[in-house]
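**Student:** One structure follows; several queries about it will come next.
The values are calculated or read from the model by the stated rules, or taken from the named source; none is laboratory data. Every value quoted in this text rests on a predicted model; they were computed, and no experiment measured them. Quick reminder, even Gly has a Cβ in these numbers, built from the backbone with ideal geometry, and neighbours come from all protein chains shown. With ligands, DNA and RNA removed, areas are computed over all heavy atoms of the protein, side chains included. Shrake-Rupley method; radii C 1.70, N 1.55, O 1.52, S 1.80 Å.
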Amino acid sequence: MASELTFRNLESTDEVRAAHPLEVAGYSEEEAASLESLLYRFSNAPHLFFGAFDSDQGIVGFITSTQSASPLVTHDSMSTHDPKGSTACIHSVCVHPEWQRKGVATKLLELYPQTVRRYNSTIGESEERTRITRLAMMARKDLVPFYQRVGYTNCGQSTVVHGTEEWYDCIRDI
């Protein structure tokens, strides 16, 4: 494995296609986003599709989101993007199994707010886009402490039913 990873936004649908197996490996069949969903998120919110890349293996981890007017992740926000929404709803935090427990997810989550702030700085006052002020996600109960360590607040059990897991709403203000 290479000693250093590169962290950046995904740049092509080929990179999204390469990320999809990480999604499938990271979630149950009921929970994993389809390739079509990932491509939708990339085509509508490329500024919120952020990855970790190894020079030999390519993409080894990613985060993807869409914007929503809701302050928390909703079932609707999983399949839509509202460029006027001020919440970035994180749908996936995925890391290749060989790279898990090596700090990749932590680094992705630490850098993601910077990526969002950089996007915010490109928005002019007269634009149809809205600055993002909050990150929101649904986390499995066993992962809530991890997300709290990287700056998220646990808001309690989510009302959204997604697969068979029990989910918790977590937020981080930008």
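**Student:** P(r) for the range 1-98, please, calculated from all Cα pair distances in 5 Å bins and given in %.
**Tutor:** 2, 14, 25, 24, 18, 10, 4, 2, 0
**Student:** Out of all DSSP beta bridges in the chain, what portion is antiparallel? Express it as a percent rounded to 5.
**Tutor:** Bridges in the chain are about 90 percent antiparallel.
**Student:** Quick one: if the Förster radius is 22 Å, what FRET efficiency do residue 12 and residue 34 give, using the C-beta to C-beta distance and rounding to 0.05?
**Tutor:** For R0 = 22 Å, the calculated efficiency reads 0.75.
**Student:** First measure r as the distance between the Cβ atoms of residue 125 and residue 43, then evaluate 1/(1 + (r/R0)^6) with R0 = 25 Å and state the FRET efficiency to the nearest 0.05.
**Tutor:** The computed FRET efficiency comes out at 0.45.
**Student:** Work through the residues other than residue 78 whose Cβ is under 11 Å from its Cβ and net out their charges, Lys, Arg +1 and Asp, Glu -1.
**Tutor:** In short, -1.
**Student:** Quick query: amide H of residue 155 versus all other amide H atoms, modeled in the peptide plane; which residues come in under 5 Å with a sequence gap of 5 or more or a different chain?
**Tutor:** Residues meeting the amide H criterion: 169, 170, 171.
**Student:** Amide H neighbours of residue 9 under 5 Å, counting only residues 5+ apart in sequence or on other chains, H built in-plane at 1.01 Å?
**Tutor:** Excluding prolines and chain starts, which carry no amide H, the hits are 51.
**Student:** Report the calculated FRET efficiency for residue 165 and residue 4 (r = Cβ-Cβ distance, R0 = 45 Å), to the nearest 0.05.
**Tutor:** 0.85
**Student:** Please give the peptides 63-76, 16-29, 83-96, 121-134 ranked by average Cβ packing (other Cβ atoms within 10 Å per residue), highest first, as a rough proxy for protection.
**Tutor:** Numbers: 63-76: 20.2, 16-29: 17.2, 83-96: 22.0, 121-134: 11.6.
Order by mean packing, descending: 83-96, 63-76, 16-29, 121-134.
**Student:** If you roll a 1.4 Å probe over the range 18-61 with all protein chains in place, what percent of the accessible area is carbon or sulfur? Write out the running numbers ahead of the final one.
**Tutor:** Numbers: 960 of 1820 Å².
Within the range 18-61, the accessible surface is 53 percent carbon and sulfur.
**Student:** Can you spot the lysines whose alpha carbon is less than 23 Å from residue 141's alpha carbon? Ignore those fewer than 8 places along the same chain.
**Tutor:** 102, 107
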